[in-house]
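Note sheet for the following structure.
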Amino acid sequence: MTSPKGEGSDLKTIIRACRLIARMNQARPEALKSEAMYYEMLANYYDRLLNARETGDFIAAHTVFFPSEIIYAMDILPMHAETTTWMISLFSGEIAEILSAGADLGLAPEICTPHRGLAGAFSLGTLPRPDVMLWSNMVCDNTAKSGELLMKINRCPGFFIDHPFHNSEEEIAYLMGELEDMVRFLEEHSGRKMDWDRLSEVVAETDKQIELYREINELRKVVPTPFHSQGFLQLLSVDYLLAGRPEATAYLETLRQELTDMVQQGKGAVPNERFRLMSLFLPPMYLMGFLERISQEYGAVSVTEPFFTYWGEGRLNPAKPLESVAKKSYMIPEAQMYGPLDERQLTRVATLAEEYKVDGAIYYADVGCRHTCATIKTFKDVLNDIDVPVLTLDCDVVDPTVASQEEVAEKMERFFELLEDR
Amino acid sequence: MIDTPHKNNASLPTLERFRELNRTFPHAKEILDFKQQGGKVFGWLCTYVPEEIIHAAGALPIRITGYPTEVELEDGTAYLYVNSCSFSRSCLQMGLRGEYDFLDGVVGGSTCDGARRLFDLWRKYIGTPFHDVLTVPRKYNERAHQLYLDQVVKFKQHLEEFLETTISDEALLHSIEVYNESRTLLRELYELRKSDNPPITGAETMEVLIASFHMPKELFNQWLRDLLDELSVSGIGNKGRVRLMIVGSVLENPEFIRSIETEGGLVVTDELCTSTRYWYDLVVIEGSTTPIEAISRRYLSNFPCARMFPSDERFDRIFDLIKQFRVDGVISEIIRYCVPYAHDLPLMTERLKAQGIPILPLDVEFGTSGSGQIKTRVQAFLEMLEAKKR
Amino acid sequence: MKTLGIDVGSLTTKAVILSDNGILTSTIIMSGDEAEESARMAMEESLSQAGISINDDLYIVSTGAGAKSVSFIQQKKAITTCLARGARYLFPSSRMVIDMGAESSTVVKLNERGRVNDWAGQDKCAAGTGIFLQQMAKLMQMSLGEMSELSFKAKSRASITSTCAVFAESEVISHVHRDPPTPKEEIIAGIYYSVVSRIMTLCKRAGIEKDVALVGGVALNDGVVKTMEKELGFAVLVPDVPQIVSALGAAILAREAMEKEAS
């Protein structure tokens, strides 16, 4: 069943919105150049996917926290599955149709909306049909189990990367074996061969980008913080979609310079910074504009996101590209949510709260995300021990029917009042 | 209606023994005796934990299960949050309230989100002295088997350190024997359900299975042998309107099955973490395979959990059972927020449809007794199956 | 210095006038459709009770569901902050406030200084609220007071397993129509346990810490209070007029604002 909107219609909406925002940004002299660069990058990413048929490109749809470096190195077009649902929610606000299509497929309401929505979007034909479906178990069961149905809907072959639980040497070797198998799979189905030198280049680029993330994170420690509250989502998207791409490096370098300049001028992202917040998990996509407004109004800025922007230690070695790709998957901020939850993660949360001079934390309790919600109590206890209050916001990352703007506004206002009262 | 009312089953003292143990768990005499004699008890969760290793170390493996019925889960929910499956919350609550304080250790696998978070919180807030989580691959290829073997060996070493003992190959061989016997006996029990009028119901089988998780295997084997002996001369024949199979993840409340069977739906087989998935495959030692290699191989390629890839392996096995037990219809019980099984449902339903086998999908809370809404839907399903048969 | 706190709730609007000597008056009226109207009526009634007229020096703080729509106030404050102030004023040792209202329940945790550290609330579902109890009273064909009295006679409690108010209702109905019928006091005990369980879940989310103050209209129900104490394992502090605690808190916050302006 094809939606009357036609194939690729959701992508067209995203592209249009991104180009518009980029143009608006360029028209404002005081706007950060990096913002326009970011939206242009996004638009180009989706544009490439939209025109894949004409250009003869091979599309590999993939799930989140995926080694897309391998895909890029083989000159294949990656299509990031979950962010596409987020972008649809963010730019078109029309999530109900694809969610209900997901339900029609027999997917239970407890399956998280990014995955229900994704299956729905594919079944409606509003996304380009991928040539292969790639997925892994990072970081949860929904991701691990989504692939087979998507293969069926898209009538395409697929490959599942089994990411091990711990990061011992044996397990990293196992992961490398999985990656090798995937390369063979892609070579077989795409007719393209892996260019290992190219992968080394891509890995070198990713390594640069991770260093840039770290530098940008350091700059955010300053009071007042230079990076605006929802900015971290841009950093996230860049790694999801454009890891190892030169335009992403250019964006990050520009952003780093802008933030450095702001720090030197003592300029903050909001005029009167009152509340420095730690964000745990993802704010609802459909509330981006509203959250930015609230941020300006209350002087509340997210300065650190332990499991979204804080990279694990280590450098990538371009001389060992496959091993680097495997190691990178353990360094990704969110990857810390996958292995055993131990003292390291807990200490990190407390350390970051102190280093970033956090006043309070907001935990976005996404109703579909079981494994992150299961850490609410643990992180709350850790933060309360160092006298940082935590607001738990029940919400959904893309579905506006779970928590309305009014509800979120009321809870956040209450929380800011709580912080002010101290 | 099942022709044999419950009072007949009271004449099966061998079954009553299992019931008594279930009633008293976790303060069952069999466990208390073991502890009193200085034995160590290790709690395990998921069919991917190799029990034989624990047994060979001279310890008692006890499966971590939740409350036997649907209860208020305030503590479980406060810690794991409302969107973790009620099974994980139920287990955690029992742990938080001290019901598992008799455990010296807990062992799990990286099997699903509910299980791994349960173990994360268990470590932080309950802190059983020994704690181990094995990486369990999701594939069946040789590389996966290698990794899992590596994990099992590491677990064995960890256990040896903790207990200050060595687990010899002889001990492992002996444990394999004991556990294989268990599996063989359970298979015999299930074989009885293949007949037109099985001497044992699905609910009663579940009672036996639950007991098997909570007592020393040797004693269980003895009790099960006694039960099989008694059943062979009991003359009981349960009749039903249709033959059903229950599929799903965890099910521990026999009342759920009973409520289906009192409507006339004879549950002749099942595919659950607490039933066939637990006992189906034997550990096989052939050629130069070491005991630990054999154990590791069996556990990874055993009757699959929905987490494994590809899902066809699980579906193939389900179809095999459907054929073996001449099943008319399938009831799927999926606990709310059980994601792996929920994802399997559309694909499994399609395959069942292609074979003309009706399925009733129920989403339930862990421990449900199957009353109210569920009963109504079951009744309608049975009527539909009966009409189909005519 | 006199201040006025108004709590515009879904069922009732409460007003408290605070003076230097303590609470001057407290008023409870039924809420109408318009929050502005209800707030004004509550204010006028409390002013007349106190024998003072509205003047420029009266600092007014509003709170509650309808607080936003009230025009004549100086400040609006969150219900959680007001509950914290009100409960601490009445019970200086309180570290936790449980507010059981008509349509919602809120649990507030306080730090040593009486500031809000955390809260957990529930306002989407009828289970555990005053409205649920009213419905049950209708089903049992008794008054809330009669139900509470009878509950003390219960030797055990009927099982009501549904977490949903709608399904719980049908369970109660089946208990009533059972043959033989479940004894009334046991059904009531089951209803109260169900209500308290909802609150206990909120409490555990926030983390239980003594001393606990139990406020809101439902705190007038001795049977529920006793059930709550049994589940907590210790006694709770209940004010004489539990419905006005938020309004009192609002009045206290008004006083703090006035003191700040003066300095």
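The values are calculated or read from the model by the stated rules, or taken from the named source; none is laboratory data. Computed from a predicted model, the values in this text were never measured in an experiment. Virtual Cβ from ideal backbone geometry, glycine too; neighbours counted across all protein chains shown.
Annotations
- Residue, surrounded by the fewest Cβ atoms within 10 Å (Cβ to Cβ), within segment A:357-403, restricted to residues that are more than 23 Å from the chain's Cα centre (by Cα) and more than 21 Å from A:Leu341 (Cβ to Cβ): A:Asp387
- Selection over segment A:260-305 of residues that are under 21 Å from the mean Cα position of the chain (by Cα) and among the hydrophobic types (A, V, I, L, M, F, W, C) gives a count of 12.
- Any hit, segment B:204-227, residues being touching a residue at least 40 places away in the same chain (Cβ under 8 Å), of a type in the set (Ser, Thr, Tyr) and out of contact with any helix residue (DSSP H, G or I) (no Cβ under 7 Å at 6 or more places or on another chain): no
- Cβ-Cβ distances below 6 Å connect the following pairs, each with a first residue in segment A:66-84 that is closer than 28 Å to A:Thr113 by Cβ and in contact (Cβ under 8 Å) with a residue 24 or more places away in the chain, a second residue that is among the basic types (Lys, Arg) and surrounded by fewer than 22 Cβ atoms within 10 Å (Cβ to Cβ), and a separation of six or more residues or different chains: A:Leu77/A:Arg48.
- Identity of the residue in segment B:76-94, closer than 14 Å to B:Ile64 by Cβ and surrounded by fewer than 24 Cβ atoms within 10 Å (Cβ to Cβ), that ends up farthest from the other protein chains (Cβ to nearest Cβ): B:Met94
- Where C:Val241 falls short, out of the listed (1) in contact (Cβ under 8 Å) with a residue 24 or more places away in the chain; (2) of a type in the set (A, V, I, L, M); (3) in contact with a helix residue (DSSP H, G or I) (Cβ under 7 Å, 6 or more places away or on another chain): (3)
- Hits in segment C:41-56 - residues which are loosely packed, with under 15 Cβ neighbours inside 10 Å, under 28 Å from the mean Cα position of the chain (by Cα) and either outside any helix (DSSP H, G or I) or touching a residue at least 60 places away in the same chain (Cβ under 8 Å) (or both): C:Gly51, C:Ile54
- The conditions of being closer than 30 Å to B:Asn180 by Cα and surrounded by fewer than 24 Cβ atoms within 10 Å (Cβ to Cβ) are met by B:Ala28.
- Given (1) free of Cβ contacts under 8 Å to residues at least 12 places away in the same chain; (2) in contact with a Cys (Cβ under 6 Å, 6 or more places away or on another chain), index of the condition C:Gly22 fails: (2)
- Any hit, segment B:376-384, residues being buried (at least 20 other Cβ atoms within 10 Å of the Cβ), over 30 Å from B:Leu80 (Cα atoms), away from chain A (no Cβ under 13 Å) and among the basic types (Lys, Arg): no
- The listed residues are A:Gly266, A:Gly289, A:Gly312, and the only one of them that is farther than 22 Å from A:Leu219 by Cβ, out of contact with any His (no Cβ under 9 Å at 6 or more places or on another chain) and surrounded by fewer than 18 Cβ atoms within 10 Å (Cβ to Cβ) turns out to be A:Gly289.
- Every condition in (1) part of a helix (DSSP H, G or I); (2) touching a residue at least 60 places away in the same chain (Cβ under 8 Å) is met by B:Asp344 except one, and the failing one is (2).
- Contacts under 6 angstrom Cβ, first residue in segment A:408-422 being at the interface with another protein chain (Cβ under 8 Å from one of its Cβ atoms) and part of a helix (DSSP H, G or I), partner of a type outside the set (Ser, Thr, Tyr) and surrounded by fewer than 20 Cβ atoms within 10 Å (Cβ to Cβ), 6 or more apart: A:Asp421/C:Arg115
- Sole residue being within 13 Å of the chain's Cα centre (by Cα), modelled with pLDDT of 95 or more and more than 19 Å from B:Ile54 (Cα to Cα), chosen from B:Ile200, B:Ile257, B:Ile246: B:Ile246
- The residues of segment C:25-40 that are under 26 Å from A:Glu413 (Cα atoms), touching a residue at least 12 places away in the same chain (Cβ under 8 Å) and not charged (D, E, K, R), listed by number, are C:Ser31, C:Ala35, C:Ser38, C:Ala39.
- Across segment B:100-109, a minimum of one residue is classified as small (Gly, Ala, Ser), under 19 Å from the mean Cα position of the chain (by Cα) and at pLDDT 95 or above.
- Scanning segment A:17-43 for residues that are in a helix (DSSP H, G or I), within 15 Å of A:Gly231 (Cβ to Cβ) and of a type outside the set (Phe, Trp, Tyr) yields A:Ile21, A:Asn25, A:Lys33, A:Ser34, A:Glu35, A:Ala36, A:Met37, A:Met41, A:Leu42.
- Single residue of segment C:59-95 satisfying the filter (more than 10 Å from every other protein chain (Cβ to nearest Cβ) and among the charged types (D, E, K, R)) that is farthest from C:Lys109 (Cα to Cα): C:Arg88
- Some residue of segment A:96-109 being more than 14 Å from chain B (Cβ to nearest Cβ), surrounded by fewer than 24 Cβ atoms within 10 Å (Cβ to Cβ), farther than 21 Å from A:Met285 by Cβ and acidic (Asp, Glu): no
- Residue ID - nearest to the other protein chains (Cβ to nearest Cβ), chosen from residues in segment B:302-324 that are assigned to a helix (DSSP H, G or I) and not hydrophobic (A, V, I, L, M, F, W, C): B:Asp312
- Tallying residues that are more than 20 Å from the chain's Cα centre (by Cα), assigned to a loop (DSSP other than H, G, I, E, B) and either at pLDDT below 95 or among the hydrophobic types (A, V, I, L, M, F, W, C) (or both) within segment A:316-356 yields 5.
- Selection over segment C:137-161 of residues that are under 27 Å from B:Gly370 (Cα atoms) and within 20 Å of the chain's Cα centre (by Cα) gives a count of 0.
- Meets criteria (more than 14 Å from C:Leu4 (Cβ to Cβ) and either touching a residue at least 40 places away in the same chain (Cβ under 8 Å) or in contact with a Lys or Arg (Cβ under 8 Å, 6 or more places away or on another chain) (or both)) for C:Ala65: yes
- Some residue of segment B:280-290 being crowded, with 18+ Cβ neighbours inside 10 Å and not in a loop (DSSP other than H, G, I, E, B): no
- Members of segment B:128-155 that are more than 23 Å from the chain's Cα centre (by Cα) and in a helix (DSSP H, G or I): B:Glu142, B:Arg143, B:Ala144, B:Gln146, B:Leu147, B:Asp150, B:Val153, B:Lys154
A quick yes/no check of all residues on (1) within 16 Å of the chain's Cα centre (by Cα); (2) at pLDDT below 95:
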site	(1), (2)
B:Pro50	yes, no
B:Ile53	no, no
B:Ala56	no, no
B:Glu70	no, yes
B:Leu73	no, yes
B:Tyr81	no, yes
B:Arg89	no, no
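- So A:Ile14, is it in a helix (DSSP H, G or I), surrounded by fewer than 20 Cβ atoms within 10 Å (Cβ to Cβ), under 21 Å from the mean Cα position of the chain (by Cα) and of a type in the set (A, V, I, L, M): no
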